[in-house]
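Bear in mind that the values in this text are calculations on the coordinates, not laboratory data. Here the structure is a predicted model, which means the values were calculated and not measured. Cβ sites come from the backbone with ideal geometry, for glycine too, and all protein chains shown count toward neighbours.
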Amino acid sequence: MTPPKPPFLSLRLMERPYLLLCLTMLFWAGNIVIGRYAAGQIPPMALSYLRWQLAFLTLLPFAWSDLVEDWPVIRQNLGPMIVLSFTGVATFNTLGYWSLQYTTALNALLLQSSGPLYVALFALVLFNVRLTWMQAFGIVISLMGVLTIILQGRLSALLQIHFNKGDIGYTVALFVFGFYSALASRRLALKQLSFLAFNCGVGSLFILPLFLWEMSTGRVTSLNAHTIPVLVYVAIFPSTLAYLFYNRGIELIGANRSAPFLHLIPVFGSVMAIGLLGEELHLYHIVGYALVFAGVVIAARKPKQA
C-alpha cells in the first residue's frame with residue numbers, strides 16, 4: 001500500500017528528506033544542550049512527561065480529524081503502535097533526560113555517534129536490511145568527523161573522558177532508539193499527524209507514573225522565567241517538529257540511509273556552543289564538519305539498482 005501523503009504537502013518541505021533530517025538533528029542537538037542546562041532546574045521525569053504531554057496537547061486540535069479517520073487501522077494494530085510509543089517516546093527520552101543528570105553534554109554527544117550503528121543493527125535483525133558498502137563507508141567517515149570535533153583533534157583526549165552511570169543510561173537509550181528507528185521505517189500507512197499524536201499521547205501515559213512518583217519524593221518543577229522557555233522549546237522543536245520530520249524522513253529514504261544524519265547532532269551542538277556561548281572556531285571544527293558532511297552525503301545516497 002502506498003503511504004498517504006502528509007498533510008503539509010503543499011509546503012513541499014515534507015518531500016525533502018535531507019532537509020527534514022537536517023532540521024531534526026538541529027532540534028535534537030538543542031535538546032541535549034537544553035537537557036543538560038535543565039538538569040538542576042527541572043527533574044528528569046517532569047521534563048520528559050511535560051515535554052510529551054505539551055506536545056500532545058499542541059498537536060491534538062490539528063490531528064483530531066486524522067485520528068478519527070485512522071482509528072480503525074490504529075485499533076487493529078494497537079500492539080506495534082504501543083511499542084513505538086513506549087520505545088521512541090517514553091523510554092528513549094526519559095532515560096536520556098535521567099542520564100543527563102549524571103553525565104556531561106560532551107559525553108552525550110560522544111555516545112550519540114554510536115546511534116547509526118544501533119539503527120543498522122536492528123534494521124538487520126528485524127527486517128534483514130543490510131548496510132551497503134557505501135552506507136557503511138559513509139558512517140565511518142562521518143564518525144571520524146564526530147570524533148575529530150569532540151576530541152578536538154587529539155586522540156589523547158580520550159584518556160580524559162570519564163564514564164559513569166549516566167553514560168550507561170544514555171547508551172541504553174540510544175540502543176532503544178535504534179530499535180524505534182528501524183521499526184518506524186516499516187510503520188503503518190497512517191497520516192503523519194495521527195501517528196505522531198498517538199505516540200505523544202500514549203508515550204506520555206507511560207511516563208506519568210514515574211512523574212507522579214518523582215513528585216511524591218518532593219521534586220516539584222517551579223514554573224518561572226528559566227523553566228517555561230525550556231518546556232516550550234522541548235515540546236515544540238525536539239518533540240513535535242523533530243519527530244514529525246524524522247518519521248517522514250525515514251519513510252522517504254529508509255532507516256539505514258537516515259541514520260548517518262544522527263552524526264550531525266554533535267556538529268550542530270558545537271556550532272551552538274560557538275555561536276551562543278562564544279567558544280572559538282578551530283581547525284579541528286572545520287575538518288570535523290567536512291568529514292561529517294562528506295560521510296552523510298556518501299551514506300545517504302540512494303543505492304544503484306542492480
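For residue 283 and residue 129, calculate 0.36 nm times their separation in residues minus their Cα-Cα distance, and state this gained length in nm to one decimal. Write down the numbers at each step before the final one.
On the way: separation 154, 0.36 × 154 = 55.44 nm, distance 3.74 nm.
Fully extending the segment from residue 283 to residue 129 adds 51.7 nm.
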Problem - Karplus-derived HN-Hα couplings along region 222-233 (A = 6.51, B = -1.76, C = 1.60, θ = phi - 60°), whole Hz, x at Gly and Pro - result: 8, 8, 8, 5, 8, 7, 4, x, 4, 5, 5, 4
Problem - Calculated Rg and Dmax of region 171-224 using C-alpha coordinates, Å - result: 15.3, 43
Handout entry: For the chain: span of alpha carbons on each principal axis (Å, largest first)
Key = 60, 55, 35
Exercise for the section: For region 292-299, take each phi angle, set θ = phi - 60°, evaluate the Karplus expression 6.51 cos²θ - 1.76 cosθ + 1.60, and give the result in whole Hz per residue in order, putting x for glycine and proline. Expected result: 4, 5, 5, x, 5, 4, 5, 6
Exercise for the section: Express in nm, to one decimal, how much length is gained between residue 68 and residue 121 on full extension, taking 0.36 nm for each residue of separation and deducting their alpha carbon distance. Expected result: 15.6 nm
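Can you pull a Stokes-Einstein diffusion coefficient for region 180-306 at 10 °C (1.306 mPa s), Rh from Kirkwood over Cα pairs, as a whole number of µm²/s? The partial results should precede the final answer.
Working: Rh = 17.9 Å.
Here the translational diffusion coefficient equals 89 µm²/s.
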Handout entry: Label-point gap, in nm, between residue 140 and residue 83 - each point 7 angstrom along Cα→Cβ
Key = 3.2 nm
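In region 197-227, what chymotrypsin sites (Phe, Trp or Tyr not before Pro) fall in a loop by DSSP, with at most 11 other Cβ atoms inside 10 Å? Show your work: numbers first, answer last.
Numbers: sites: 198, 206, 211, 213; in loops: none.
Loop-located and lightly packed - none at all.
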Handout entry: Theoretical FRET efficiency, 1/(1+(r/R0)^6), r = Cβ-Cβ of residue 163 and residue 302, R0 45 Å, to 0.05
Key = 0.75
Practice task
Using a Gaussian network model of the chain whose springs link C-alpha atoms within less than 10 Å, name the residue from 262, 188, 26 with the highest mean-square fluctuation.
Solution key: 188
Fill in the blank from the handout: In whole angstrom, the spacing between the Cα centers of region 200-252 and region 42-84 equals 12 Å
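Quote the Stokes-Einstein diffusion coefficient, in whole µm² s⁻¹, for region 113-207, based on the Kirkwood radius over alpha carbon pairs, a temperature of 20 °C and a viscosity of 1.002 mPa s. Don't skip to the end; give the middle numbers.
On the way: Rh = 15.9 Å.
My calculation gives 134 µm²/s for D.
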Handout entry: Pair residue 216, residue 15: separation of 7 Å Cα→Cβ label points (nm)
Key = 5.3 nm
Problem - Highest-fluctuation residue, 192, 112, 152 considered, GNM on the chain with Cα pairs under 10 Å - result: 152
Exercise for the section: Pick out which of 142, 194, 181 has the largest mean-square fluctuation in a Gaussian network model of the chain, springs linking Cα atoms closer than 10 Å. Expected result: 194
